[in-house]
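Participant: Here it is, the structure in full.
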Amino acid sequence: MKRPLRIRVLLSGAPWSIFPAGGWSRLTDAFIFAAGIALLYGMVRVAQSWLGPFTPQVEISLSPTALPRYAAYSLGRITVAYGFSLVFTLMYGHIAAYNPKAERFMIPVLDVLQSIPVLSFLPGLMLAMVALFPHRQLGIELGAILLIFTGQVWNMAFSFYSSLKSIPREMRDTARIYRFSWWQNFTQVELPFATIGLVWNSMMSVAGGWFFLMACEMFVLGSRDFRLPGLGSYLQTAASAGDTPAILWGVGAMIIVIVLLDQLVWRPVIAWAEKFKVEQVQDRQAPRSWVLEILRRSVGLDRLRQQTVAPLGEWVALCLARKPAIQAPRPQRPEWKKWVVRGVGTAVIAAVLYAVAGAVLMMAGLDGSEIRQLLRAAGATFLRVNLALLLGAAWTVPAGVAIGLSPRLARVAQPVAQIAASVPATALFPVVLLAVVGAGGGLGVASILLLLLGTQWYILFNVIAGAIAIPTDLREAATIFRLTRRERWRNLLLPGIFPYLITGLVTASGGAWNASIVAEYFRFKGQTISTVGLGATISRATDIGNFHLLLAATCVMAAIVAVINRTVWRRLYALAETRFKLEI
Amino acid sequence: MSQPIIEARGLAKFFQQPEGGRIEVIAPTNLAIHPGTIVALLGPSGSGKSTLLRMLSGLARPSAGEVFWHGRPLDGYVPNVAIVFQSFALFPWLTVLENVEAPLRAAAIGAVERRKRALKMLDTVGLDGFETAYPKELSGGMKQRVGIARALVVEPEVLFMDEPFSSLDVLTAENLRGELLDLWLSNKIPTRTMFLVTHNIEEAVLLADRIIVLGRNPGRIRADFPIRLAQPRDRKSSDFVAVIDHTYKILTQPEVQDVQPSQAAGFGTPAPRLKFQMLPHARPGSIAGLLELLADRAGSDDLYHLADDLAMEVDDLLPIVEAAALLGFAKLAEGDTEITAEGRGFAEADILNRKVLFREAALKNVSILRQIDSVLRTKSDHTIQDELFRDILDKHFSEDEAQRQFETALHWGRYSEIFDYDSDSGRLFLPESTAEVGTPSPLSPEL
C-alpha cells in the first residue's frame, strides 16, 4: 500500500539568536570535534557490548544514572537498522525501477510485506539469531535490529522506487546524451531527485522503529526470557516493579532522546534537503536548522571536506566516467549467465514453494477448536482496531480542523502534539496499563486505549494538513453564504479533509493491527494479563512456543490487513483522488 | 563537404498494439543533414517532431530504418551531440557552474580543465557572476542560457534544440535567438550543424537555412526547402514576408482528405490500415469565437493576420480553424480561412440555436459523434459505458492522443447535447429530452 506522505509539519523555531554570525568559528569547530569524539566513543561502547559474551537476562538497573547508557544502546540499534534499511532501499528500488521483469513481482511483494505484522516475526528471528551467534550478545542484538529493519524498510523502498520512476524524461535524456557514468547518474540525478521522499519516509520509518524497539527489547519466549539493555527494557522493568519515579525518568529520557534526534538530525537533514526540491521558484518559507547553520559555518569541517571527501569523490567520478558507453548496443548476455539467472530463479521459486508447503502442513495441525478460537480472536481484534480508529477520528477531526484553520492555535498546539506523537506508544504501554489496572479497568478496555495511543497521531497530523490545504476563498464563500455549522462541515470541511483523513486512517489502521500484538497481551508484575484477540493469540503462541498457532494467526492477520487495504482503503483512496481532489 | 553528417534511411517509429495492429507515429522517412546549416523542423503538435529529434540524436531507437552518422550506423557509434530542451532540464540541486561542468565530468575531464572550460562558456553566454547561483534563483531566460552553455561546453558537432525558446516570453526569446545566431555566424563555436525543432514559423524563417515541414497522423515530411536569405534577416523585407507566407501556405494546406471510416469499419472490427478521423482539439466556445471574428471581417482572413490579431501562436490557432473546417463552418484555402454559409448562420445564432446548428454539423461530419449517437439511440436504456469508444480510439491513436480525442469528442458532444456524460460512472447517455423528442434542450448553458 502506497502511503503518500502528507505530513510536513514538525518542531519549528530554533534558538537562532544564540549563535550570531562570525567570531564563533573556532569555538564551533572545537565543539564539532568534541561531538565527533563523543559519537565515536558511544559507538565503541555499543560495539563492545555487542561483542561481549551472551547474557540473555541482563539485569536492568532502574537507577536514572543508567539511562544515558540505555538510551545510547537503543539509539545504536535504531541507527544500525536504519543503515541496513537504507542500503536495502537503494538496491531494491533501483532494481525494481529499471528491470521491468523484476518490477512485475518486486512491487506486489513490497505491498504484501508491508501488511505483515512484523512483531510476530520476533520469536523465529530471535531463535535463529541466537542459534547463529550462540556465544555473543551480537545474536540477540541482530535479532532486534533485523526486526526493526523489517518494520521500517518497505515504505522507504517504495518511496525510492517511485521517485526513480518519476524522474522527468528530459532530465534522463540529459544524463544519457552526455553519457553520464552510472555513478554520476546515481549521485547527480537519481539520489538527489529521490532525497526529499527518502528523508520524509526515513523519519516515519525511524519513528516506527522506536515503536518496535520498545516492544522487542524485552520479551519472553517459552521458558527463555530475553532482555536487551535499553530504554524499552528500562520502562518495562520500571512499570513491572511499579516504580513511578523510574517510569517518569524513563519517559523523560525517551522524550529527550526524541527531541534531540529531531533537532540534531532531522531538522538539519530537512533543511539541507531543501535544495533538492524540483521547483521553478524559490520558496520563501524554507525550513531552517540552527545545527545545519553551525555545520555549514564551520571552517574546520569545510577544510576537512575539501581535503578528503571532495578529492575522493572526484577520483571516483573520473575513474568511472566514460567507462560504459550508453550508446553502444547492449551486449548479448552470454549463454551461461542466462542459465545462472534461470537456475537461481528456479531455486528461489522452489524454496518459496517448499516453505509454503511446510507452512500449510504445519497449519494443518490446527484442530477445530483452535480454528474457532482464531476466528473469534480475529473478530475481536477487528472490532477493537476499528473502534480505536473511530475514537481516534472522533477527537482528531474536530481538533485537527480547529488547529488547521487557526494559525494562532496551531503555533501552540503543533509543537506539543509533535512531541506527544514522537514518543513511541509501546514505551508508554506499561505506564498506561499501570494506570488503567490501578483504576480497576481490564485489558479489554485498556487495549483499545493502547491502540488509540499509537495511531491517533497519524490521523491528527493528516487532518491538520488537510484543514490547512482548504483554500481561503472557499472558506470565505462559506462565510458569505452564511452556512450553518452543520452545512459548513458537510459541504466544505469534511470533503476538504477527506483525502487527508483517508491517508491518515490507512496508516493508522495498519499500525493498529500491528500494535494489537503488544496491546492485547501483557506480562506485568510477574503475571500475564490478556484479552481475547488475534494479537493476544500471537503473543500467547509465542509465549508457550505453539508455533503452528503462531504461524496461522500471523497469516490470518496479514491476510486481513491485505484484504482490508485492497477492498476498503484503496477504493476510498481512489475516490479521494478523483472526487475530492481540490483542483483550482 | 557534401558528405552528410546525419543520414536517416527509412526511419520510422510505431507502437505495436496488443491486438496486433500498430500505431504509426512517424512514417518511413529519408533525411540527410549536411554540415554548415541550421535546419528547422516545423510542424503542428502531434506530428512527431521531438520523436524524430530523439531518433536522430540516438536517444530513442527507431522501430524501423536506420540512422547513420558520417556513414556509420548510430548503433555502436557515439555521436558528439548536445541537446537544449524546452524545459531547460537543468539539475536544480547543482549550481550553474556545476550544471555546466556535469557533461565534462561525464567526459572524464579533470577538475581544473573542467572549471576553465565551464567558466569560459558561461562568460560566452553572458552568465558570469552567476556561477554559484542555483537554477531556481534564475529567470527563464537565464535558465535557458545555462542550458545552452551546458550544451555548447562539450563542443558538439551537432546541436539539437527542442523548442528551446517556447517557454520564454517574447522579448527574452528574441534576445536569446539573436545571441545564439551571433555565436553561430561568428564561428565562435565549433558546432557544424544546428537542428531546431519549433512550431513557430517566424522563428524558423529567421534562423534556418533549411526548413522541413512535418505533417501528422502519421508524422511525415510534407515539404523540405532551403531559405537563401542572407543573415541577419530583416522581418520587414518583402523576401522575408514572402517566405513566411509560403511556409504558412504549406502548413495550413489541408492534409489528405480524411476517409470516413465509421460505416465501413463498424464496431469491434478494427481496420488499422484505414485512417481514422482525427479531431482537432478545439473547444466549441473557441470555434464560435473564431467564426464571429471571421463574420465580422467580411467572411475571410489570412491565418497569419488572425493569429497576429489574436496574439496566438499559429499552432494554437490551427486546431480551431481545422475544427471549424471539419464541421463545415469554414473553408481553408491557400492560407486563408473563409466562413461558409453554415458558419455564418452559426455565428449569428443565439446560444440555444447554436447548439442545434452545432449538433447538425457534428452529426453530419464527425464520425465518432455519429457513432455514439447511433449506439445510444439503438440501446433500449439509451446509455453506454465510455470504454467502448475509448477502445475504438485506442486502436487508432497512441494512448495520450486517444485520451485527448475522447476529451474533445466529449466537449463537442456535451455542448451540442448529443449526449451527456457521468464522469463518476464513466457512462454516456442521451439527455432526457433528446431520448424522447429528438431535439436538444437548453440544459447546460456552458460554453
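Participant: What distance in nm separates the two pseudo spin-label positions at residue B:233 and residue A:544, each 7 Å out from Cα along the beta-carbon direction?
Facilitator: According to this spin-label approximation, the distance is 9.0 nm.
Participant: Using packing as a proxy for protection, rank B:333-339, A:433-439, B:140-146 so that the peptide with the highest average count of other Cβ atoms within 10 Å comes first.
Facilitator: B:140-146, B:333-339, A:433-439
Participant: Please compare each pair in B:249/B:364; A:165/A:337; B:49/B:249; B:13/B:395 to a cut-off of 21 Å on the Cα-Cα distance and tell me which ones are over it.
Facilitator: Distance filter (> 21 Å) returns B:249/B:364; A:165/A:337.
Participant: Note the full-extension length gain between residue A:383 and residue A:578 as 0.36 nm times their separation in residues minus their Cα-Cα distance, in nm to one decimal.
Facilitator: Gain in length upon complete extension: 67.2 nm.
Participant: Sticking with this one: For residue B:245 paired with residue B:302, estimate the spin-label separation in nm (one decimal), with each label point 7 Å from Cα along the Cα-to-Cβ line.
Facilitator: 0.6
Participant: Long-range amide H contacts for residue B:82: which residues qualify at under 5 Å (H placed 1.01 Å from N, peptide plane, sequence gap of 5 or more or a different chain)?
Facilitator: B:158, B:160
Participant: Could you derive backbone 3J(HN,Hα) for the range B:5-11 from the dihedral phi with the Karplus parameters 6.51, -1.76 and 1.60 (θ = phi - 60°), listing whole Hz in sequence and x where the residue is Gly or Pro?
Facilitator: Residue by residue, the range B:5-11 yields 6, 10, 9, 10, 10, x, 5 Hz.
Participant: Okay, moving on. By the gyration tensor of its Cα atoms, with a ≥ b ≥ c the square roots of the eigenvalues, what is the shape of the range B:309-425: rounded for a/c under 1.5, prolate for a/b over b/c, or oblate?
Facilitator: Because a/c hits 1.5 or more and a/b fails to exceed b/c, the range B:309-425 counts as oblate.
Participant: Moving on. Per the Debye formula with a single identical scatterer at each Cα and no solvent contribution, what log10 I(q)/I(0) holds for chain B at q = 0.06, 0.14 Å⁻¹?
Facilitator: -0.32, -1.29
Participant: Now a separate question. How fast does the range B:6-252 diffuse by Stokes-Einstein, in µm²/s, taking the Kirkwood radius from C-alpha pairs at 10 °C and 1.306 mPa s?
Facilitator: The Stokes-Einstein estimate is 84 µm²/s.
Participant: Set the Förster distance to 30 Å, then compute FRET efficiency between residue A:419 and residue A:63 from the Cβ-Cβ distance, nearest 0.05.
Facilitator: With R0 = 30 Å, the Cβ-Cβ based efficiency is 0.75.
Participant: Another question about this same structure. What FRET efficiency comes out for residue B:182 versus residue A:314 if R0 is 41 angstrom and r is the Cβ-Cβ distance? Round to the nearest 0.05.
Facilitator: E(calc), rounded to 0.05, equals 0.70.
Participant: Right, another one. Please report, in cubic angstrom per residue, the volume enclosed by the convex hull of the alpha-carbon atoms of the range B:80-141.
Facilitator: Given the Cα convex hull of the range B:80-141, per-residue volume reads 96 Å³.
Participant: Name the long-range amide H neighbours of residue B:420: under 5 Å, sequence gap of 5 or more, or other chain; modelled H, no Pro or chain starts.
Facilitator: Result for residue B:420 returns B:429, B:430.
Participant: I would also like to ask the following. Viscosity 1.002 mPa s, temperature 20 °C: give me the Stokes-Einstein translational D for the range A:361-584 in µm²/s, with Rh taken as the Kirkwood radius over C-alpha pairs.
Facilitator: Answer, rounded: 111 µm²/s.
Participant: Convert each backbone phi in the range B:241-249 into a coupling constant with the Karplus relation 6.51 cos²θ - 1.76 cosθ + 1.60 (shift: θ = phi - 60°), then list the ³J(HN,Hα) values in order as whole Hz, x for Gly and Pro.
Facilitator: 4, 5, 5, 4, 4, 4, 5, 4, 4
Participant: Per residue of B:91-104, what is the mean number of Cβ atoms on other protein chains within 10 angstrom of that residue's Cβ?
Facilitator: Mean shielding count: 4.
Participant: Additional query: Rounded to whole Å and ordered largest first, report the semi-axes of the equivalent ellipsoid of the protein assembly as shown derived from its Cα gyration tensor (root of 5λ).
Facilitator: Largest first, the protein assembly as shown gives 59, 39, 29 Å.
Participant: 222 nm [θ] for chain A, helices only, -39500 (n - 2.57) per DSSP H run of 4+, per residue, to 500?
Facilitator: Taking each H run of at least 4 residues, the total per residue is -24000 deg cm²/dmol.
Participant: Can you give the extra length, in nm with one decimal, that the chain gains between residue A:135 and residue A:491 once fully stretched, where that is 0.36 nm per residue apart less the Cα-Cα distance?
Facilitator: 121.7 nm
Participant: Can I ask one more? Rg to Rh ratio, chain A, alpha-carbon atoms and Kirkwood radius?
Facilitator: Using Cα coordinates only, the ratio equals 0.97.
Participant: For the protein assembly as shown, what is the percent of antiparallel DSSP beta bridges, rounded to the nearest 5?
Facilitator: That works out to approximately 65 percent antiparallel.
Participant: Right, next: Among DSSP beta bridges whose residues both lie in chain B, state the antiparallel percentage, nearest 5.
Facilitator: 60
Participant: What's the ranking of B:318-328, A:453-463 by average number of surrounding C-beta atoms within 10 Å, highest first?
Facilitator: The packing order, highest mean first, is A:453-463, B:318-328.
Participant: Residue by residue through the range B:391-402, what is 3J(HN,Hα) from phi via Karplus (6.51 cos²θ - 1.76 cosθ + 1.60, θ = phi - 60°)? Round to whole Hz and write x for glycine and proline.
Facilitator: 4, 4, 5, 4, 6, 10, 10, 5, 4, 5, 5, 4
Participant: At 7 Å along the Cα-to-beta-carbon direction for both residue A:248 and residue A:87, put a label point, then send me their distance in nm to one decimal.
Facilitator: Each label point lies 7 Å from its Cα, and together they span 4.4 nm.
Rule-based calculations on the coordinates, nothing more; no lab input. In this text the structure is predicted, and so the values were computed from the model without any measurement. A quick note on method: Cβ atoms are made from the backbone with ideal geometry, for glycine too, and the neighbour counts reach across all protein chains shown.
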